[in-house]
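Have a look at the structure below, then the notes.
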């Protein structure tokens, strides 16, 4: 649940920041009548459930603090990727010469790959008693997979049919 809540939190806020219209074929939460910017608070509520649930179910486990640290680190990385994305694509100030493939890779690594691909496996490793620093190659492979996924998603965002992909492209 915690990973899903974290993802929902990121997506609700990302939709607001990007001014998106649809997500998975439905109106974005903030576009639903009578929701509006209450959606930002809903995202915060989702985010705040995470440490409460982790504490309730895992506080007596040896990996509890590492699990909290992992969620906090992944949230920081994702927020960092979102910030780079936002400042790179400021309305009225878009300079595509600054938008390099290196910058795009950095954005997608931080904005998507860590929470979508690395976090679930890292949680499982911690719960199995493993040390994350002993599995750096696992992290590298998962971040590469997440990067590939996001590059494909961005391509579809630009060139895909909104009816097929379930959203109107606003990411790029």
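How many of the residues making up the range 27-57 are more than 20 Å from residue 118 (Cα to Cα) and free of Cβ contacts under 8 Å to residues at least 24 places away in the same chain?
Summing the residues that are more than 20 Å from residue 118 (Cα to Cα) and free of Cβ contacts under 8 Å to residues at least 24 places away in the same chain in the range 27-57 gives 19.
Spot the failing condition for residue 36; the list is (1) surrounded by 12 or more Cβ atoms within 10 Å (Cβ to Cβ); (2) modelled with pLDDT of 95 or more; (3) assigned to a loop (DSSP other than H, G, I, E, B), and only one is missed.
(2)
Matching residues to (1) under 19 Å from residue 136 (Cα atoms); (2) assigned by TED's automatic domain parsing to the domain that holds residue 1:
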{"residue": "29", "(1), (2)": "no, yes"}
{"residue": "42", "(1), (2)": "no, yes"}
{"residue": "54", "(1), (2)": "no, yes"}
{"residue": "101", "(1), (2)": "no, no"}
{"residue": "107", "(1), (2)": "no, no"}
{"residue": "120", "(1), (2)": "yes, no"}
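Please work out which residue is modelled with the highest pLDDT, limiting yourself to the range 146-165 and to residues that are within 21 Å of the chain's Cα centre (by Cα) and exposed (fewer than 14 other Cβ atoms within 10 Å of the Cβ).
Here the residue is 148.
What do you reckon, is residue 86 surrounded by 17 or more Cβ atoms within 10 Å (Cβ to Cβ), in contact (Cβ under 8 Å) with a residue 12 or more places away in the chain and in contact with a helix residue (DSSP H, G or I) (Cβ under 8 Å, 6 or more places away or on another chain)?
For residue 86, the condition - surrounded by 17 or more Cβ atoms within 10 Å (Cβ to Cβ), in contact (Cβ under 8 Å) with a residue 12 or more places away in the chain and in contact with a helix residue (DSSP H, G or I) (Cβ under 8 Å, 6 or more places away or on another chain) - is not met.
The values are calculated or read from the model by the stated rules, or taken from the named source; none is laboratory data. Model, not experiment: these values are computed from the prediction. FYI the Cβ positions are ideal-geometry reconstructions off the backbone, even for glycines, and counts take in every protein chain you see.
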